[in-house]
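Beneath this line is the structure, given in structure tokens, with notes to follow.
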Amino acid sequence: MSVSQLNPAAAASPLISRQWLSEYSMPLAYLVLFAVLSATVENFFSVTNVIGLMLSVAQIGMVACTMMLCLASRDFDLSVGSTIAFAGVLGAIVLEHSGSVAIAVAAGLGAGALIGALNGVLIAYLRVNALIATLATMLMVRGLAFIVSKGQAVGINDDSFIDFGDTRIFGLPLPVLVAGACFVVFGILLNQTVFGRNTLAIGGNPEAARLAGVRVERLRVWIFLLQGVVTAMAGLILASRITSGQPNAAQGFELDVISACVLGGVSLQGGKARIFGVLIGVLIMGTVENVMNLLDVDAFYQYLMRGLILLVAVLLDQLKTRGERR
Amino acid sequence: MSVSQLNPAAAASPLISRQWLSEYSMPLAYLVLFAVLSATVENFFSVTNVIGLMLSVAQIGMVACTMMLCLASRDFDLSVGSTIAFAGVLGAIVLEHSGSVAIAVAAGLGAGALIGALNGVLIAYLRVNALIATLATMLMVRGLAFIVSKGQAVGINDDSFIDFGDTRIFGLPLPVLVAGACFVVFGILLNQTVFGRNTLAIGGNPEAARLAGVRVERLRVWIFLLQGVVTAMAGLILASRITSGQPNAAQGFELDVISACVLGGVSLQGGKARIFGVLIGVLIMGTVENVMNLLDVDAFYQYLMRGLILLVAVLLDQLKTRGERR
Amino acid sequence: ADPVKIGFLVKQAEEPWFQDEWRYAEVAAKEKGFTLVKIGIPNGEKTMAAIDNLAAQKAQGFVICAPDVKLGKAIERAAKRNNLKVVSVDDRLVDGSGKPIESIPHMGISGYQIGKQVGEGIIAEIKARKWNMAEVGAIRVAYDQLPTGKERTTGAVDALKAAGFPAANIIDAPQAKTDTENAFNATNIALTKNAKFKHWVAVGLNDEAVLGAVRAAEGRGIKADNMIGIGIGGAKAAENELNKPQPTGFFGSVMISAREHGYQTSINLVNWITGKATPPAEVLTKGMLMTRANQAEVRKAMGQ
Amino acid sequence: MAAYLEFDQVCKFFPGVKALNGVSFAAHAGQVHGLLGENGAGKSTLLKILGGQYKPDGGRLLVDGQERHFTSAKDAIRAGVAIIHQELQYVPELTVAENVLLGRMPTRFGFLDKARAHRIVAEKLAAIGVDLSPAARLADLSIAQRQMVEICKAIMQDAQVIAFDEPTSSLSHRETEILFRLVKELRADGRTLIYISHRLEELYELCDACTIFRDGRKIVTHDVMADVPRDRLISDMVGRELSDIYDYRERPHTQARLQVQGLDGKHVKGPQSFSVHGGEVLGFFGLVGAGRSELMRLLYNADARTAGTVLLDGALVATGGPADAIAAGIVLCPEDRKEQGILATASVAENINISVRRNDLRGGVFLRHKREAALADEFIARLRIKTPNHQQEIRLLSGGNQQKVILARWLAEPGLKVLILDEPTRGIDVGAKNDIYRIIHEVAERGCCVIVVSSELPEVLGIADRVIVMREGAICGELSRADANETEVLRLALPDGATPAAATATPTAPAAYIESPAQPTRSIA
Ligand SMILES: Nc1ncnc2c1ncn2[C@@H]1O[C@H](COP(=O)(O)OP(=O)(O)OP(=O)(O)O)[C@@H](O)[C@H]1O
Ligand SMILES: Nc1ncnc2c1ncn2[C@@H]1O[C@H](COP(=O)(O)OP(=O)(O)OP(=O)(O)O)[C@@H](O)[C@H]1O
Ligand SMILES: [Mg+2]
Ligand SMILES: [Mg+2]
């Protein structure tokens, strides 16, 4: 007996087109936007500008990859901005004292891992609300960044460290390449590994995932730990780019990252994530900023525009799911 | 015939004590904290200080009342900070031009209502994710505040308007009384009216509410509209207290308000809210700030302390629900 | 008499500048034997709460750098209500119609004047390097949401223009936040749009902003010999740059003396409270341009 | 007699699925109209159209002779239609009274009249015969109690048309009895009632007429239910003949493989012990809230135990959580599929593979998409899961098909040693039940232990080699297949004082065993 009543051919075609649409509408929309901007905005479509654009979203991009996992598992992380600042400051201080890039990087990444693990343990094992837990670590880590640096920027003089932010390979700056690598790695992690699937599962229904043998708490801690490490890496790269560790860097960064993810179709209710969407979300945020500056939009009107464009982007994304009544 | 197998008497007694605990643990904990601080921190327990403390959380308190409804209905509002600023700026400008306090207040409240309604329509009818929708309005409204004020604070010279923030009745400043009134009104609204019950219902299970005939969309819009009006009122009161409308006022205010609510036991998953809890949440936030200033805690360590205390507060709150299966 | 207790309220407690002010106020407190309470007041609301808090602590007065000068009237009223004496520092408080509040003595800098010093410093260096002004582009890393930020950069731009710098060559690079990374991104775009200039200069509201501009320029091969960036503040961020083995596009920073502000204002206030002397109605201090060449002297002159 | 409720050529299409394809039938006042059909036949979809939740893509709906176009649930409520949905729709944080009166709370001077709300709900509950406090939170109640609240909610609407979508799937004896009495009272009162169930004995007991669906089409309407032979119903419904749905076969048993010793924890009274032999199907019976699910959860490490050990083939099973139990070869298919089973927004394939895939990874981390898809397709075919393809989100499947997917997840386990099924056939059609029973036998024949927790007595008696009965959180008796009959089992399950005679007088009892033609063969054992 047939499972479906439908003529398979007839069923397949609308299904594919809808799925295809929902899968590729964002990239397509972005391509159209990009083409239109290239044609209309002077200086937009030039190698330097496009590279500048990518550089401007490199940090957001890296962190968005892990934030995606975090949101997919129905969690939330507000502490990323502080972690960026702290990792940069700590890296710079350790570099100053030890003179060894390896030790400095290890210190920065280690601190990130610790912060992430702390978040994870608080949320997974002590069951503290993720918003409050990461808000608390956000405050504490920012405080630590100020305390260890005495509130002052920490200079970096080591050339090999500084070069990292400057080096170009095939014309692309290293930070952009690192961000690209993050997208590839976390894309694979999300779609091709148990880790990614289980992350989506605990976001979709934590109790069901647990009963299906997913070690929910342990996985949560790992997700936050990864987030901490990647964020710390972004912080070190930022420090290398600006040749100093600044304790007040990246304030408000967390909202940018979360917005980019949500813009890319990651659900705050958990269980849904697409790496491609996140990439587009990140690019949209960067492009909007870039174009407004190219067009010399007044700073005050930039707020207005950014808000409007955010709305338009999600409304467009909404259109395709319209008609479906929930 | 009995559906439940349980012995009602045996079940009732632990149930009551647990309910009692979960109902009153926060106020009790706060009372203990207050007593300890009074005994140990010099100048803490004095009329001026306690009034100062209450005054310092008056705005947060007002907005927390409506934010509670918003969270209870499983929504989210990031635009409150911007609305406070915009309402204040608009009120000040209108006051300057019209010279009439009534018109200025009406303009401010009207603007708040509009912003709230916009949020509500976007979220309820156009089904835009609440985070993105209110982030967008947050940006746009902040932009408007800058645009109408040209980025400058707008001074207020009208004494009757300024007096509002200063007047005391029975020794209590008017802003505190207004905040108190908000707690009473919204407490009643939440617990004693259909509006409140339906709000909890659409937060707890929107589909169930809709199937039971609750007009979910309309209710959502009303909640946001109320939020807008109350926030605008807070903005006008703030403007009166600081004798100017400041376009960059209340940045980060939204996180404070949401934290206070979550601290008070309002669930971000919707469906749960206690006005008493919110009051305590607001007071904890204010007390921490107040005591740190009384003790002259270093600015950098204040971050650390605030984070720690937030954590301790939720961990304590967590303890009581421990053992319970989730 | 009661022991003297004063507050010292600053708008951005995390900023090195204000940390320094506090530090020197502490020095004064130790020397003169009064108690100092330091509170950060990031916005108007917190300002009001802090004043109430001071009253509760039985302080007799406070020094304030308000988050916005238009808070003047509110601060005046709150102080009067609580019977506190007020001295303003850095930014002069004004009332609703923009007139300075006479009852509050002031010691400070004018953001506009400091900005002008930046502009003048740049002009001097352009002349020293014998650049053709038509070939020089000027980046104004702008954060106009912050009134002082706008004043400072406007002062700098005005000084450039006054020296005959072509107004068309001045390019705004609005930063979304006041950190280095955002200044970097903003400058990057400004450079893209105006690839035609041979030389560049950069101004911004603080050292971090100019640093971002310098780094962005370096990313495009515009190094020390084609870039003059002058920041404001002269704290650690500037020191780091100026002490690098190789000169960078970060030419210098207009240093302002936190010492005088922190130390002198607190002492003036305490003298006022104890009835020894009424502070002068207004004292304006000046900044000094600190470059690689004169670092040590400037620091010494500024008392740091 | 004119029909009170009439469907005329009603259609509803979803992407890839024709849920309803030109369905017409009429239901009369003062009658109970049964709807039958295999899982995914479109029964619930029809009720959602009736309730204003879905707009039909074609056809007409007539209530009391008037054509109606409901655009929201509120419209339907106003028109006097009440629905008890298959997926319970309650607000967990609100009280019984608030849930029952949701959308219609009584007020006084604009304020809630809580006293009155409690009074009227308490009265109604008492009248129905449900012993529940109106002030209890729904989250604190058992599923069965929540189901009764839902029923009370629908009754309180005082609607002319009341539709029940598988109301008994999470009820057991006592509530079922209450429900049947209620339905009969409402029928006597002249209401028009629609009743969906997969339990044929219930339908015979209650329904006056019935309509059979298959694959979104109406097959037939029988105006007099009692005249229709059982086999005819089944073959109309599933499209094939089924003589003995339990398919019980004698199997050799090996030594005791699973030994549960002194297990204790919350909701279980005192240490509980039992063991299961290889190749044995052990049935667990008890009334609602007897603690069967809780005991299984303890055994599975889903809840923290306060005492006790679990031995499998003589080896201690680690207690670190369900993952440890699964690693040892013990799996549990939970009773509440919505809360504990499905990953709502994930695909059917994902839902099947979530646990199994750990055995078949490339390099221990990377997925094998092709094999996962093949496995999903295999189970879709074996269990006849009705879905356009394995990529469909599981939430879009019908309730019974969701249950099949969750079963597939556990049946696919290759290292399976102990299979625990908690209410496995809840909401599943007769044909699929038969498929599942066959699989249970297959698994047992491989030498595995199978534990089936069920509130359906015929099911327990039909498939189990041995029956353990629980009462009030403790194991209170054990019967071999030879000794197990409804009277004995119920005598053990009922609280002291209640006689089995009273229980067998309940509607489920005598009619229930029509479903079990295999019964006579039982004496052979
Ligand atoms: N929102 C939806 N989107 C896509 N398909 C749907 C949707 N709702 C139902 N379906 C499909 O419509 C068909 C009919 O579903 P329905 O829930 O009416 O079945 P049912 O007869 O109630 O089955 P069961 O006995 O399992 O409850 C199923 O194949 C189901 O997968
Ligand atoms: N989440 C819960 N909160 C409070 N009590 C619960 C909860 N879950 C179960 N119980 C109680 O635990 C006891 C055992 O319930 P359990 O679900 O194990 O019974 P059961 O025999 O499986 O019956 P059924 O599944 O048919 O309800 C019951 O008294 C029930 O009310
Ligand atoms: Mg159904
Ligand atoms: Mg059970």
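Largest first, the residues D:TYR195, D:TYR4, D:TYR204 sort by 1.4 Å accessible area into D:TYR204, D:TYR4, D:TYR195.
The Cα-based radius of gyration of segment B:190-326, divided by its Kirkwood radius, gives an Rg/Rh of 1.04.
Within segment A:18-177, all pairs of alpha-carbon atoms sorted by distance into 5 Å bins from zero give the percentages 2, 8, 12, 15, 16, 14, 12, 11, 8, 3, 1, 0. Note on segment C:82-221: percent of Cα-Cα distances in each 10 Å bin, starting at 0 and stopping at the bin with the largest distance, equals 12, 37, 29, 13, 7, 1, 0. By definition, a body whose alpha carbon gyration tensor gives a ≥ b ≥ c is oblate when a/c is 1.5 or more and a/b is not larger than b/c, and segment D:248-300 fits this oblate description.
For D:ARG357, the accessible area of its heavy atoms, probed at 1.4 Å with every protein chain present, is near 10 square angstrom.
With contacts taken as Cα pairs under 8 Å at a separation of at least 6 residues, segment A:145-219 carries a relative contact order of 12 percent.
Kirkwood-type hydrodynamic radius, chain C: 20.0 Å, calculated from all non-identical alpha-carbon pairs. Here segment D:205-264 is assigned +1 on the Cβ of each Lys and Arg and -1 on the Cβ of each Asp and Glu. Its dipole about the Cα centre then comes out at about 340 debye.
Across every direction, the projection of the convex hull enclosing the Cα atoms of segment C:79-147 has a mean area of 7.1 nm². Each copy carries B:TYR24; placing its label point 7 Å along the C-beta direction from Cα gives inter-copy distances of 6.6 nm, listed from smallest up.
For segment D:308-424, the Kirkwood estimate of the hydrodynamic radius, built from every pair of different alpha carbons, is 14.9 Å. Against the empirical curve 2.2 N^0.38 Å, the C-alpha radius of gyration of segment A:79-150 lands at a ratio of 1.16.
If only the Cβ of Lys and Arg carry +1 and only the Cβ of Asp and Glu carry -1, the dipole of the protein assembly as shown around its Cα centre is close to 1100 debye. Taken over segment C:24-150, the convex hull of the Cα atoms encloses 145 Å³ per residue. Cross-link partners of C:LYS150 among aspartates and glutamates, defined as those whose alpha carbon lies under 14 angstrom from its own and excluding same-chain residues fewer than eight positions apart: A:ASP298, C:ASP68, C:ASP91, C:ASP158, C:ASP172. Distance between the modelled labels on B:TYR125 and A:ALA106, one decimal in nanometres: 6.1 nm (7 Å Cα→Cβ projection). Largest accessible area first, the listed residues A:LEU315, D:LEU20 line up as A:LEU315, D:LEU20 when surface is computed with a 1.4 Å probe on the assembled protein chains.
Taking the chain by itself as reference, segment A:303-320 contains these residues with an accessible-area loss of 20 Å² or more in the full protein complex (1.4 Å probe, heavy atoms): A:TYR303, A:LEU304, A:ARG306, A:GLY307, A:LEU310, A:LEU311, A:VAL314, A:LEU315, A:GLN318. Measuring nothing but alpha carbons in chain D and taking Rh as the Kirkwood radius, the Rg to Rh ratio lands at 0.96. Counted over all Cα-Cα pairs of segment B:258-304, pairs farther apart than 15 Å make up 50 percent. Note the full-extension length gain between D:GLN391 and D:HIS69 as 0.36 nm times their separation in residues minus their Cα-Cα distance, in nm to one decimal. Difference between extended and current length: 112.6 nm. Structure shown: which of C:LYS46/C:LYS80; C:LYS70/C:LYS127; B:LYS272/D:LYS386; C:LYS30/C:LYS300; B:LYS150/C:LYS85 lie over 29 Å apart, alpha-carbon to alpha-carbon? In this structure, C:LYS70/C:LYS127; B:LYS272/D:LYS386; B:LYS150/C:LYS85 exceed 29 Å between Cα atoms. Expressed in Å, the radius of gyration and Dmax of the Cα atoms of segment D:427-470 are 10.8, 29.
Ordering B:LEU294, A:GLY196, A:LEU122 by the projection of their Cα atoms onto the charge dipole of the protein assembly as shown, which places +1 on the Cβ of Lys and Arg and -1 on the Cβ of Asp and Glu, puts B:LEU294 at the extreme positive end.
The share of accessible area on segment C:159-222 that comes from carbon and sulfur is 52 percent, using a 1.4 angstrom probe. Across the protein assembly as shown, the convex hull enclosing all Cα atoms gives 183 Å³ per residue. Solvent-accessible surface, computed for protein heavy atoms with a probe of 1.4 Å, shrinks by 30 Å² or more for the following residues of segment C:134-153 when the other protein chains are added to the isolated chain: C:ASP144, C:GLN145, C:PRO147. Here segment D:284-368 is described by how far its Cα atoms reach on the three principal axes: 41, 32, 19 Å, from widest to narrowest. The D:THR487 and D:ALA122 beta-carbon pair, evaluated with R₀ = 41 Å, returns a calculated FRET efficiency of approximately 0.70.
Nonpolar atom fraction for chain A, defined as the carbon and sulfur part of the 1.4 Å probe accessible area, stands at 68 percent. Each principal axis of segment D:1-91 carries a Cα extent, and these read 38, 34, 23 Å when sorted largest first. Ligands, DNA and RNA left out, the accessible area of chain D computed with a 1.4 Å probe is 50% carbon and sulfur.
Note on the protein assembly as shown: dipole from Cβ charges, positive end direction compared against D:HIS28, C:GLY262, D:GLY52; the farthest Cα belongs to C:GLY262. What the protein assembly as shown shows is 36 Å² of accessible area per residue, with the surface traced by a 1.4 Å probe over protein heavy atoms. Helix C:180-193: angle to the longest alpha-carbon principal axis of chain C, degrees 0 to 90, nearest 10? Rounded to the nearest ten degrees, it is 30. Translational D (Stokes-Einstein, µm²/s) of segment A:163-206 at 25 °C and 0.890 mPa s when Rh comes from the Kirkwood sum over C-alpha pairs? Translational diffusion coefficient: 203 µm²/s. Accessible-area rank, largest first, for D:GLU350, C:GLU21, D:GLU67: D:GLU67, D:GLU350, C:GLU21, with all protein chains present and a 1.4 angstrom probe.
Can you pull out the buried accessible area for chains A and D, both sides counted, probe 1.4 Å, rounded to the nearest 100 Å²?
It comes to approximately 3100 Å² buried between A and D.
Classification of segment D:103-258 by its C-alpha gyration tensor yields an oblate form. The axis ratio a/c (a ≥ b ≥ c) is 1.5 or more, and b/c is at least a/b. P(r) tail for segment B:125-222: Cα pairs beyond 21 Å make up 63% of the total. Panel note: the C-alpha atoms of segment D:34-137, placed on their principal axes, show extents of 45, 34, 25 Å (largest first).
Enter the mean projected area of the convex hull around the alpha-carbon atoms of segment D:188-267, in nm², rounded to one decimal.
Over every viewing direction, the Cα hull of segment D:188-267 projects on average to 11.3 nm².
How would you classify chain A from its alpha-carbon gyration tensor, with a ≥ b ≥ c the square roots of the eigenvalues: rounded for a/c under 1.5, else prolate if a/b is greater than b/c, otherwise oblate? Oblate.
In this structure, the pairs whose alpha-carbon distance is over 27 Å, taken from D:LYS18/D:LYS433; D:LYS124/D:LYS269; C:LYS193/C:LYS236; C:LYS161/C:LYS286; C:LYS11/C:LYS116, are D:LYS124/D:LYS269; C:LYS193/C:LYS236. Chain A and chain C together bury an accessible surface of about 2900 square angstrom, both sides counted, with a 1.4 Å probe and no ligands or nucleic acids included.
Using a cutoff of 8 angstrom between alpha carbon atoms and counting only pairs six or more residues apart, the relative contact order for chain D works out to 16 percent. Convex hull volume per residue, computed on the Cα atoms of segment C:158-296, equals 145 Å³.
Under 5 Å between amide hydrogens, built in the peptide plane, is the criterion, and for C:VAL283 it picks out C:HIS106, C:MET107, C:GLY108 among residues at least 5 positions away or on other chains. The angle separating the long axis of helix B:275-294 from the principal Cα axis of greatest extent in chain B is about 60 degrees. Here A:GLY99 yields copy-to-copy label distances, from shortest upward, of 7.6 nm, the label point defined as 7 Å from Cα along Cα to C-beta. Evaluated with a Cβ-only charge set (Lys, Arg +1; Asp, Glu -1), segment B:123-211 carries a dipole of roughly 440 debye about its Cα centre, given to the nearest 20.
The values are calculated or read from the model by the stated rules, or taken from the named source; none is laboratory data. Bear in mind the structure is a predicted one, so any value in this text is a computation, not a measurement. Virtual Cβ from ideal backbone geometry, glycine too; neighbours counted across all protein chains shown. Just the protein is used for accessible areas: all its heavy atoms, side chains included, with ligands, DNA and RNA removed. Shrake-Rupley method; radii C 1.70, N 1.55, O 1.52, S 1.80 Å.
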